[in-house]
Amino acid sequence: AAWGEALLRTIPAECAVLAASGVSMTARGVEAYGLDRELEAKANLKYDSLLEAELRRWIGTCVGCELPSTGFQPLLQSGVLLCELMNALVPGAVSRIKKSEARFHQIDNIHAFLEAARHCGLCASDLFEVADLVNA
């Protein structure tokens, strides 16, 4: 459950490049204003880049490959890495991983990861929702 909680803390905010440029963007790629911009700024303050680096190393060790030092959120959003991680932890937990870039396949992968996590005993309250990752 600790790795799940740590993973959840890395997902909400990966807008470092945009934040550095001073432009705030919503999940749809539209510039954010008002409350959206304030909420994004608050989430960015909570983002723990050291925790991300630790998770990246741990996940890479589990799945047997070195993950790139940038672009962690897109790796998670495809769901492929999450499914590979689950299968490394519990062989056969996710029976089919869809490596297509189609959004609905990515959503299927995330859903398969979450179902496997529930099946392994993680409480629903310890997990994120598919939309939390897809729209992050």
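The values are calculated or read from the model by the stated rules, or taken from the named source; none is laboratory data. All of these numbers come straight from a predicted model, not from anything done at the bench. Here Cβ is always computed from backbone atoms with ideal geometry, including for glycine, and neighbour counts include all displayed protein chains. The area values use the complete protein model at the heavy-atom level, side chains included, leaving out ligands, DNA and RNA. Shrake-Rupley method; radii C 1.70, N 1.55, O 1.52, S 1.80 Å.
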Give the residue, chosen from A53, A93, A102, that is open to solvent by less than 50 Å² (accessible area, probe 1.4 Å), at pLDDT 75 or above and touching a His at 6+ places or on another chain (Cβ under 9 Å).
-> A93
Kindly check whether there is at least one residue in the stretch 104-127 that is part of a loop (DSSP other than H, G, I, E, B) and within 12 Å of the chain's Cα centre (by Cα).
-> yes
Going by the structure shown, is A43 closer than 16 Å to D132 by Cβ, touching a residue at least 12 places away in the same chain (Cβ under 8 Å), in contact with a Cys (Cβ under 9 Å, 6 or more places away or on another chain) and surrounded by fewer than 18 Cβ atoms within 10 Å (Cβ to Cβ)?
-> yes
